[in-house]
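One structure is given below, encoded as structure tokens.
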Amino acid sequence: MDLVARVRAGDFDAFEALYREHAARLYTLACRMAGSPEDGEDLLQEIFLQAYRKLGSFKGDSSIGTWLYRLALNHCLDYVRSRRARMNKLTETLDAESSFEPTARRETPIARMDLERAVERLPEGCREAFVLHDVEGFDHKEVADLLGIAEGTSKSQVFKARIKLRGFLRGQR
């Protein structure tokens, strides 16, 4: 009996083996998408809890690793979107309570951001495609499949991400 069938049958050791096999890769993704190791750990636990609950929907059309990765990516995207919505609401509240206009930030060589922070600043579509292609090593067809976009869109998003990153790292907007 294969690993997935054993997990579906309630074999805890099989689920632990599935976790050990895929956790490192999914943790790396979660950390990059969330922006911190602490949030990455929380997300990883949520991802595997969700995987356990949804394993019945795994049809076997792709490998279990691909299915888990897609599930993890979707979970991370939901997390990032909900965090962004909370931050926007908080920002609106603070702006409404504040009587001063924020001043423009001046970038200095000392304050330049590292690559991780630059990646966080990328627009969502560019960041997702860049992380999957340039960081995780998927080809453009796989990125397109994972994100539900055209292969050409993947190429365009990665190209735009690289241009924006160069600008961010040079201290430009």
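The values are calculated or read from the model by the stated rules, or taken from the named source; none is laboratory data. Everything numeric in this text was worked out from a predicted model, so none of it was measured. All Cβ positions, even for glycine, are placed from backbone atoms using ideal geometry, and neighbour counts span all protein chains on display. Note: accessible area is taken over every heavy atom of the protein model, side chains too, but ligands, DNA and RNA are not part of it. Shrake-Rupley method; radii C 1.70, N 1.55, O 1.52, S 1.80 Å.
Number of residues in region 120-132 that are under 11 Å from Arg162 (Cα atoms) and not hydrophobic (A, V, I, L, M, F, W, C): the value is 1.
Output the helices (runs of 4 or more DSSP H) that fall wholly within region 1-63 and possess 3 or more residues being in contact with a Cys (Cβ under 7 Å, 6 or more places away or on another chain) and of a type in the set (A, V, I, L, M), or say none. Step through it out loud before you land on a result.
Working: elements: 3-8, 12-34, 37-54.
Ranges flagged: 12-34.
Of Tyr79, Tyr52, which residue is of a type outside the set (D, E, K, R) and crowded, with 16+ Cβ neighbours inside 10 Å? From the options Tyr79, Tyr52, the qualifying one is Tyr79. Please work out if Ala34 is within 13 Å of the chain's Cα centre (by Cα) and open to solvent by less than 10 Å² (accessible area, probe 1.4 Å). Criteria met by Ala34.
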